[in-house]
1. In whole Å, what is the distance between the alpha-carbon centres of the range 92-112 and the range 44-84?
2. For helix 311-326, what angle does its Cα long axis make with the longest principal axis of the chain, in degrees from 0 to 90 and rounded to 10?
3. In terms of modelled amide H atoms, which long-range or inter-chain residues lie less than 5 Å from the amide H of ALA179?
4. Listing CYS319, CYS331 from the residue with the fewest other Cβ atoms within 10 Å to the one with the most, what is the order?
5. So what are the ³J(HN,Hα) numbers for the range 261-275, from phi and the Karplus equation (6.51, -1.76, 1.60; θ = phi - 60°), rounded to whole Hz, Gly and Pro as x?
6. In the range 185-200, which residues have a backbone nitrogen under 13 Å from the label point lying 7 Å from GLU127's Cα in the Cα-to-Cβ direction?
7. In what order do THR168, THR246 fall by count of nearby beta-carbon atoms within 10 Å, going from fewest to most?
8. Based on the Cβ-Cβ distance from ASP308 to ASP43, what FRET efficiency comes out when R0 is 30 Å, to the nearest 0.05?
Amino acid sequence: MSQGGRTSPEGSGRALSEAYDTALLDLDGVVYAGGEAIAHAVDSLATARTGGMRLAYVTNNALRTPEAVAAHLTELGIRAEASDVVTSAQAVARLIADQVPRGARVLVIGGEGLRVALRERGLEPVESAEDEPVAVVQGYGGPELAWGRFAEASYAIARGVPWFASNTDLTIPSARGIAPGNGAAVEVVRIATGAEPQVAGKPLPPMHRETILRTGAKRPLVVGDRLDTDIEGAFNGGVDSLLVLTGVTDGALLLAAPPQHRPTYVDADLRGLLTGQPEITREGEGFRCGGWTARASVEAGRLEVTGDGGALDGLRALCAAAWTAAGDSGCELDGGKALARLGL
């Protein structure tokens, strides 16, 4: 299980799909991007499933229903059922249901995914602050969500109605680039009311709880591309994680990661599920992985790497050097030249 203060990515003599019983997979930036499957994702997931690993798709996006997500995955060539999908809408619906009576009215500021999740928990979605809701829930509603919905939330919250949010991701990827996410919409209501919502989504515990309850995972592996949601969520849940470099995290962000953002394993893409992970060994003042040796030169204010071989091995060695030097904080040493040497 994940430990605080990780000082290097770990090695694994077994394929990760054999070492763990369930992969808890983020979607955007891991399985697909802009609606299209990421290279190697379809084949890698099929092989992992055939080998006995359960695949669960875990998303902070509360707009789409699990059925819609599963249908999209199936269109991409990834076999998936609605029961394989866990959303922040489901996590926040459970969070609300634990605090209000069954059948209670909940004001929904968001899309169909929230409404379906609330009904699943025996709650009644309503559309107006005048419908006497006992809670307000806010989730991503897509680009067409009307501005007046934020006012409706504000009216109810100002009357003392508890406020919940599916997640607070400030941005969301789209086919045209990066767009405002639910976190940006939450900020609008926060500014209007001065209130603070209870939040369910990654990296917070309610999302991890929902995922484990729905999957029954005993040895889960979180797979993601974002340090501040996927990897931090694994850290908070006390489970191991695999960072794939197909999304928003690059080498510089990884080297600077504070303890809660340090993944157990690092790989290029989902093919990393099917392989072991190389060991990183201490050699004097440096760290060796494959043909590369990395060290932190504190006096020069930079990270250094020597040797040759696969770029990922060099990055793993650099992580070990950077994280060891940083200890319980983020590494501030310059890794630019070292990453350039690796072609990263």
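Laboratory data are not the source of any read-out in this text; all were calculated from the coordinates shown. Every value quoted in this text rests on a predicted model; they were computed, and no experiment measured them. Cβ placement follows ideal geometry from the backbone for every residue including glycine, while neighbour counts extend to all protein chains displayed.
1. 25
2. That helix lies at roughly 80 degrees to the long axis.
3. Amide H to amide H, under 5 Å and 5 or more residues apart or across chains, ALA179 pairs with ILE172, SER174.
4. Details: CYS319 29, CYS331 22.
In order of increasing Cβ crowding within 10 Å: CYS331, CYS319.
5. 10, 9, x, 5, 10, 10, 8, 5, 7, 5, 4, x, 5, 9, 10
6. Backbone N within reach: none found.
7. Numbers: THR168 23, THR246 20.
In increasing order of surrounding Cβ atoms, one gets THR246, THR168.
8. The formula returns an efficiency of 0.55 here.
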